[in-house]
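Have a look at the structure below, then the notes.
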């Protein structure tokens with residue numbers, strides 16, 4: 001289901017209205033509301049706002065940065081069968097390598113800044 | 001050829017010798033993926049070295065020699081071992097290869113076809129770093145973000161978020 005479909009359906013159900021009643025309020029057909037709710041039709045932002053207004057809801061769109069989380073180690077499954085001491089040593093090697101790469105990146109940026 | 005469930009008894013991973021092997025054979029490549037993310041300032045953890053090799057015949061032949069030195073074997077996306085024909089260097093310039101070497105994970109990410117023009121464009125904008133006495137070319141931050149935006153997995157979006165955090169929240173007076 002598309003995000004618009006979920007929003008329209010959720011707003012309509014929370015308003016306890018049928019598709020037919022919503023269609024009457026928004027000057028469209030029940031078939032059109034059904035298509036939107038099934039994700040067969042993607043309404044424009046303006047049309048979505050009109051539909052929601054007919055239900056007494058308004059759409060708020062804000063810019064939110066994507067949250068930053070620590071990365072999960074890649075290839076965990078592959079590592080599961082390896083010797084733990086080799087894994088630890090390999091992990092430390094990667095950390096050393098990562099630190100070296102990060103430091104090299106910092107040196108390059110400092111050089112570029114003059 | 002597919003060889004299910006084969007377990008390789010490898011020693012501890014160590015990316016440094018992978019670079020040594022590539023440079024010893026004069027292989028041209030661009031670093032992308034997690035190592036590039038680290039190079040551009042987000043100190044996250046990674047355990048594989050992802051590169052795009054220069055897709056010309058001579059370079060791919062040298063890459064094959066380096067892969068032989070590294071005792072590389074290939075896996076598919078389901079982690080099943082697949083054949084790696086080092087006698088046909090040109091075949092390694094097409095598609096992606098998830099390799100396991102005697103020094104750990106090393107992935108070739110070519111895209112669907114050899115694209116020399118794309119490589120040249122990426123190389124032109126790349127930054128050169130000196131890592132453990134090796135000169136390494138790393139894809140530019142803008143190209144890295146574009147690649148990660150295209151991949152679009154949650155971890156790619158998190159990388160973009162981290163890489164652009166300073167742009168969103170510049171330090172006071174910055």
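Each value in this text was obtained by applying a stated rule to the coordinates, not by laboratory testing. Quick caveat: nothing in here was measured; it's all calculated off a predicted structure. Glycine also receives a Cβ, built like all others from the backbone with ideal geometry; neighbour counts cover every protein chain displayed.
Based on DSSP H runs of at least 4 residues, each adding -39500 (n - 2.57), what is the mean residue ellipticity at 222 nm of the protein assembly as shown after dividing by all its residues, to the nearest 500 deg cm²/dmol? Write down the numbers at each step before the final one.
Working: 13 runs with 136 residues, N = 288.
Mean residue ellipticity, 222 nm, calculated: -14000 deg cm²/dmol.
Considering the convex hull of the alpha carbon atoms of region B:120-167, report its projected area averaged over all viewing directions, in nm², one decimal. Before the final figure, lay out each step's value.
On the way: hull surface 16.7 nm².
Its Cα hull, projected and averaged over all orientations, spans 4.2 nm².
To the nearest whole number, what is the average tally of beta carbon atoms from other chains within 10 Å of the beta carbons of peptide B:34-45? Write down the numbers at each step before the final one.
Working: counts 5, 6, 2, 5, 9, 10, 5, 4, 4, 6, 7, 9.
Per residue, the number of nearby Cβ atoms from other chains is 6 on average.
Given contacts defined as C-alpha pairs under 8 Å and at least six residues apart, what's the relative contact order of chain B, whole-number percent? Show your work: numbers first, answer last.
Numbers: 274 pairs, mean separation 42.5, N = 174.
With pairs under 8 Å counted, the relative contact order is 24 percent.
How much length, in nm to one decimal, is gained on full extension between residue B:121 and residue B:85, taken as 0.36 nm per residue of separation minus their Cα-Cα distance?
Extra length from residue B:121 to residue B:85 when fully extended: 10.1 nm.
Quick one: helix B:154-163 against the long Cα principal axis of chain B, what's the angle to the nearest 10°, folded into 0 to 90?
For helix B:154-163, the angle is close to 50 degrees.
Round to the nearest 10 and give me the degree value, 0 to 90, for the angle of helix B:15-24's Cα axis relative to the longest principal axis of chain B.
70
Starting from one equal scatterer on each C-alpha and no solvent at all, send me the Debye-based log10 I(q)/I(0) for chain B at q = 0.09, 0.10, 0.11, 0.15 Å⁻¹, two decimals.
-0.32, -0.39, -0.48, -0.88
Roughly what would the spin-label model give for residue A:112 and residue B:142, points 7 Å off Cα along C-beta, in nm?
1.0
With all distinct Cα pairs included, what does the Kirkwood hydrodynamic radius of chain A come out to in Å, to one decimal, could you say?
Working: mean 1/r = 0.0522 Å⁻¹.
Kirkwood hydrodynamic radius for chain A: 19.1 Å.
Could you give P(r) for region B:40-107, binned at 10 Å from zero, as whole percent values over all Cα-Cα pairs?
Pair shares across the bins are 20, 53, 22, 6.
Kirkwood-based Rg over Rh for the protein assembly as shown (C-alpha set), two decimals? Working shown, then result.
Details: Rg = 24.6 Å, Rh = 22.1 Å.
Rounded to two decimals, Rg over Rh is 1.11.
So what is the relative contact order of region A:3-53, in percent, for Cα pairs below 8 Å that sit 6 or more residues apart? Don't jump to the answer; show the numbers that get you there.
On the way: 39 pairs, mean separation 23.1, N = 51.
Across region A:3-53, relative contact order equals 45 percent.
Based only on the alpha carbon positions, what is the Kirkwood hydrodynamic radius of region B:76-174, in angstrom?
Numbers: mean 1/r = 0.0611 Å⁻¹.
It works out to 16.4 Å.
Using alpha carbons only, what's the Rg to Rh ratio of region A:3-53 with Rh from Kirkwood?
On the way: Rg = 9.4 Å, Rh = 10.5 Å.
Rounded to two decimals, Rg over Rh is 0.90.
Can you give me the angle between helix B:116-125 and the longest principal axis of chain B, using Cα atoms only, in degrees from 0 to 90, rounded to the nearest 10?
The angle comes out at about 40 degrees.
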